[in-house]
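One structure is given below, encoded as structure tokens.
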Amino acid sequence: MTLRILVVGAGISGLAAARGLRIAGFRPDVVEELPATTIPGAGIYLPGNASRALRLLGLDAPLRPLGDLIFRQVFQDSDGGELFELDVAALWAGVGESRALSRGDLQQVLLTGVGGEVRYDTAVRDLEIIDGAVKVEFDSGAGAEYDLVVGADGRRSTIRAKAGLGGAATPTGQIVYRSVVTGGPPVSDWTALLGRRSQFVVMPMGGRRLYCHADETVEPGAPNPADPVARVRELFQGFGGPVPAILDAMEKVQVARTDEVVLEGWSKGPVLLVGDAAHATAPTLAQGAAMAFEDAVVLGEVLKAGADDVPAALHAYEKRRAARCDQVRGWTQERDRTRDVAPAQRDPMLRRRGQSIFADQLRGLVEPF
């Protein structure tokens, strides 16, 4: 059966979903409200299960020359003293490589896998489910009818709201700062320094560049800093390890709030939410892209097997994905709670048990999805 499918969103989740559908034999339309000239900034860390899903999507080969492989995760206190480390190469052995790279480079790899044109500058104005189909009105005034609409438009999803699948995302209380630094100190491992309700993560991402991801927990209603670079320098000025040299070399910082999306269900008739639109979490576990890639693989599989009954296929999709995504959210919240414990209590505990606790979480994601 040939299905008329619309994927809304051409970020990581939308392009991955389009690829999963394409290798399952479908030819989805893909729309994106932003212009084609919008290029994702900063970097991204892809753990082993993300690489496994990309391999299943047939996108592992173009990824290999990009970025830098990560073999160890090193956790330190704010002075740069070691708390514990994880041999992620061993943990993900047989699953996939861990890699840090430019988000823009990843976006280009995903675009090559779509196999069709993305319609940029195109937003969904309205949608209506009628007789098992979805009537979609675009902001241009044009309309179309689809057998399936996939909302891959992020944690502030328009499709989620218009389909009545849930309300606004819930803030986590974190502010995230992202930066790509050139001319910084040599760093060979994914390295996190934990402060008081804050952390600074740095990793090599190829081309003698470092990807920095820092965050802090703030009170509800606290505004974003007017000068993110100044705030990052103020927040982490007392840290040790590679941080002082990185702060000296830092020129630009992107700032964002993080939030969660927790829904009772991800589908209504022939409308489905995937990726952050369905199950966003704080980025602590670096599983946002991995979950989106896994979503894409499973979506293609269930529709290939059940294209004659789209709502039943979407129910099967949720059954396969919900528990795993709930698990990731639970582990993310657990890590964030641990991070926010006062260092005097947290650091000795992590020196004793951090390796086993964090390794057990990753082993849970080694399992097939």
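Before moving on, here are some points about what is shown:
- Using Cβ point charges alone (K and R +1, D and E -1), the dipole size of region 189-262 about the Cα centre works out to roughly 200 debye.
- Cβ charges +1 (Lys, Arg) and -1 (Asp, Glu), total dipole of region 313-369, debye: 80 debye
- P(r) weight above 19 Å for region 150-217, C-alpha pairs, percent: 54 percent
- Annotation: region 154-285 has a Kirkwood hydrodynamic radius of 16.4 angstrom, from the mean reciprocal C-alpha pair distance.
- Measuring how big region 225-369 is from its alpha-carbon positions, Rg and Dmax come out at 19.7, 60 Å.
- Taking the charge dipole of region 1-99 about its Cα centre, with +1 at Lys and Arg Cβ atoms and -1 at Asp and Glu Cβ atoms, the residue from G96, P65, T2 reaching farthest to the positive side is T2.
- With the simple model of a label 7 Å out from the Cα in the direction of the Cβ, E145 to T182 spans 5.3 nm.
- Charge context of D336, other residues only, Cβ under 11 angstrom, K/R +1, D/E -1: +1
- Once the mean of 1/r is taken over each pair of separate Cα atoms and inverted, region 1-94 shows a Kirkwood hydrodynamic radius of 16.4 Å.
- Relative contact order [Cα under 8 Å, 6+ residues apart], region 78-172, whole percent: 13 percent
- Percent of C-alpha pairs per 10 Å bin, region 275-315, short to long: 28, 41, 24, 6
- Compactness of the chain was expressed as the Cα radius of gyration divided by 2.2 N^0.38 Å, which yields 0.99.
- Derived value for region 326-369: Kirkwood hydrodynamic radius 11.3 Å. Basis is the mean of 1/r over every pair of different alpha-carbon atoms.
- With contacts taken as Cα pairs under 8 Å and at least 6 residues apart, region 2-103 reaches a relative contact order of 28 percent.
- For the pair D309 and V229, the difference between a 0.36 nm per residue extended length and the Cα-Cα distance amounts to 23.6 nm.
- Estimated dipole of the chain in Debye, rounded to 20 [Cβ of Lys and Arg +1, of Asp and Glu -1, Cα centre]: 560 debye
- Net charge over other residues, Cβ less than 12 angstrom from the Cβ of L83 (K, R count +1; D, E count -1): 0
- Nearest-ten-degree value, helix 12-23 long axis tilted from longest Cα axis of the chain: 50 degrees
- For region 189-207, the residues whose backbone nitrogen is under 16 Å from a point 7 Å from the Cα of L69, taken along Cα to Cβ, are 189-190, 204-207.
- Rg and Dmax of region 39-115, based on Cα coordinates, read 14.3, 49 Å.
- Cα-based convex hull volume of region 75-147 per residue, rounded to whole Å³: 246 Å³
- Taking the chain and dividing mean pair separation by its residue count, relative contact order in percent (alpha carbons under 8 Å, at least six apart): 23 percent
- Here the spin labels are modelled as points 7 Å beyond Cα on the Cα-Cβ line, and at E334 and D248 they lie 4.0 nm apart.
- Efficiency of FRET from Cβ geometry, V366 and I39, R₀ 35 Å, rounded to 0.05: 0.60
- P(r) weight above 16 Å for region 290-355, C-alpha pairs, percent: 60 percent
- Annotation: peptides 212-218, 151-157, ranked by per-residue average of other Cβ atoms within 10 Å with the highest first, follow the order 151-157, 212-218.
- Formal net charge of residues neighbouring F358 (Cβ-Cβ distance under 12 Å; K, R +1; D, E -1): 0
Read the figures in this text as sums done on the coordinates, not as results from a lab. Quantities reported herein were computed from a predicted structural model and do not represent experimental measurements. With ideal geometry, Cβ positions are generated from the backbone for all residues, glycine too; neighbour counts draw on all protein chains shown.
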